[in-house]
1. From the backbone phi of the range 193-205, what are the Karplus-calculated ³J(HN,Hα) couplings (6.51 cos²θ - 1.76 cosθ + 1.60, θ = phi - 60°) in whole Hz, Gly and Pro given as x?
2. With the cut-off at 1.5 for a/c, could you classify the range 337-457 from its C-alpha gyration tensor as rounded, prolate or oblate?
3. Quick one: of the DSSP bridges fully inside the chain, what percent are antiparallel, nearest 5?
4. Applying the Karplus parametrisation 6.51 cos²θ - 1.76 cosθ + 1.60 with θ = phi - 60° to the phi angles of the range 514-519, what ³J(HN,Hα) value in whole Hz is obtained for each residue in order, glycine and proline being reported as x?
5. Considering the options 612, 112, 460, tell which one lies farthest towards the positive end of the dipole of the chain, charges being +1 on Lys and Arg and -1 on Asp and Glu at the Cβ, about the Cα centre.
6. As I understand it, the dipole of the range 509-617 uses +1 on the Cβ of Lys and Arg and -1 on the Cβ of Asp and Glu, about the Cα centre. Which of 583, 595, 512 lies farthest toward its positive end?
7. For residue 529, which sequence-distant residues (separation of 5 or more, or a different chain) have an amide H within less than 5 Å of its own amide H, given hydrogens modelled in the peptide plane?
8. By its C-alpha gyration tensor, with a ≥ b ≥ c as the square roots of the eigenvalues, how is the range 148-229 shaped: rounded for a/c under 1.5, else prolate for a/b larger than b/c, else oblate?
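The values are calculated or read from the model by the stated rules, or taken from the named source; none is laboratory data. If you're wondering where the values come from, they're calculated on a predicted model, not measured in any experiment. Cβ placement follows ideal geometry from the backbone for every residue including glycine, while neighbour counts extend to all protein chains displayed. The protein model used for the area step is the full one, side chains on, heavy atoms only, and it has no ligands, DNA or RNA in it. Shrake-Rupley method; radii C 1.70, N 1.55, O 1.52, S 1.80 Å.
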Amino acid sequence: MKLLISLLILVTLTLSIFAPAIAMAEEEEEFLPIGLTEEEKTRLDEIGIAFQRSAPPSGVMRTCAEWEHCERVLIRWPLGIPVSLIAEMSEDVLVTTLVGSASQQTSATNTYIAGGVNMANTEFIIAATNSIWTRDYGPWTMFDDNGNVGFIDHIYNRPRPLDDVIPQTLGSIWGIPVYGLPVIHTGGNHMADGEAMSMSTRLVYDENPSLTPAQVDSYMQQYLGNQYTVLEYIETGGIHHIDCWAKLLNPTTVLVKQVSTGAYNYQWLEDRAELLSQTMSPWGKPYTVVRVYCPSGEAYTNSLILNKKVFVPTFNSVWDGDAIHVYQAAMPGYEVIGFNGSWLSDDAIHCRAMGIMDRDMLYVDHIPLQTTADTLNDYEVKAFIYSHAHATLLMDSLRVYYSVDGGPFSHVQMAATAHPDSFVGYIPAQPGGSDIRYFVKGMDLALHSATHPYIGEPWAHEFNVNMAPQITSQSSYLVQTGSLFEFAPEFTDNDDTEHTIGYLDLPGWLSAAGDSVSGTLPASPVDDSFTVTVADQFSTDSLLVEVRSYLCGDADGGGAISIGDAVYVINFIFGGGPAPDPLVAADADCSGAVSIGDAVYIINFIFGGGPAPCDCE
């Protein structure tokens, strides 16, 4: 009896929660907004009432990026996107439509057929929903450390219980485990890079007042395996979703909205773009930031990457063409298609459609090579290649394709390493100044193929074999005592414009100022040296510079001028004696040669009050 009473209470409670939502969903469509309605603002305490929390996945997990291979795209009926867009999607992936009833499925089917949708690539799931924002309440796809797929289900940040249970519904139907992330969140405010990092705006902290930022970050690490970057708002109001103004295009490229200089949030957007351009990407270099101009609220960043196509919202604006071009330039190899629709400034295609990753995908992970100074050794390309279908890899298909200086692509075979699922191939060494493009490709016995980067050759990785700077300055200098000596290295470097110049072991009479050194030589002869280095970002060249000074008239090298120097000159000229060292020290009369006149000049200086050696007019 107690069990029966408990079941009756549970049924009554469930109906009280879901009945109003089901009734709303079955009404003739009057779309809920992407933001909260005034009525919903009175029911914020109901957020998460349908959520099912669970323990996080065990081990190391990886949350997928939007550009990874999808098997489905999730949308909802009645539609928030044009049928022409659905028709385009159905050319490549299975279109999964959430419908509230069998009659809705019939209506959707008739509309799809009339609109040219490939019905062989459609499926319908009868599940009542509150709204069209599948991106915001849909599941995030991850893989555990055994390579098995899973869904991450966050608490939807709206009091819309039908929407909030959709990840659980899909997981049950498709046999995919669902992990309940105890964080109030929304898919439009989350973008992941597939490389253990994701980004959101501060909304995620503001909507979880019971959690500290550190706790939110910790949950994202536990359930998604991601380090978390949270950015400040770029608007004073609105929904504050990151997809309203930014979009990751690959692990090192991010698209950022740009507005006119007169807009109140112009500087905020510029600051975010600058911050991202200085932030290190998972591939070991700062993000490349691409800008798209949205002067009148165009939501061009709210696009959808679906396998090798990019669906961009267009607004019958003069800026539509420029936005399409920005995507084409930033994403070579993708087919970029624009679609008009009922888009808003904070809501478009990305909000209303969500890719569901291929649970059997072939996954390739690789950290791209960067500029090297090595011209002698082959370049190691190491990649992790894993079949989520648990199929054997076709070893002959595991290749590194490479091109040098724009030439045709060649390939080298990859071989297994001692580490599981790890393979390596070697691009032959190239001379300095070479530009190398390459990509990794493989296939498994289930005929799943993959490349890295995802799009392959058109967006191939690129690195340069650096040309080292070469110092061309002379290495030895013969200078008169007491004179001013100045030195700055001359060098060549055809592929770099910025260099660092340094000096080592400078003698005490020399000092460095900027890229040069200068100083007055001592009155007595010296034989000194120092080292100069010229470095670009990757290579360094060095030169030992020798500075030898001489006392003019000191032909015998005794360190002073005396009658002995005149005798030394006479003996050299007439008696076959040794040459003065250096010879120029004996050129007392500045004639440019050593002759008897130099001996006379020295004698006249010592005994006749003549001018000092080299004090020549």
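1. Karplus values, whole Hz, x for Gly and Pro: 9, x, 10, 6, 9, 8, 10, 8, 8, 4, 3, 4, 6.
2. On the way: a/c = 2.75, a/b = 1.47, b/c = 1.87.
It comes out oblate by the Cα gyration axes.
3. Numbers: 75 of 114 bridges.
Given both bridge residues lie in the chain, the antiparallel proportion sits at roughly 65 percent.
4. Going residue by residue, I get x, 9, 10, 10, 7, x Hz, with x marking Gly and Pro.
5. Comparing the listed Cα positions along the dipole, 112 ranks first.
6. So the residue we want is 595.
7. It is 547, by chain and number.
8. On the way: a/c = 1.99, a/b = 1.27, b/c = 1.57.
Here the range 148-229 falls in the oblate category.
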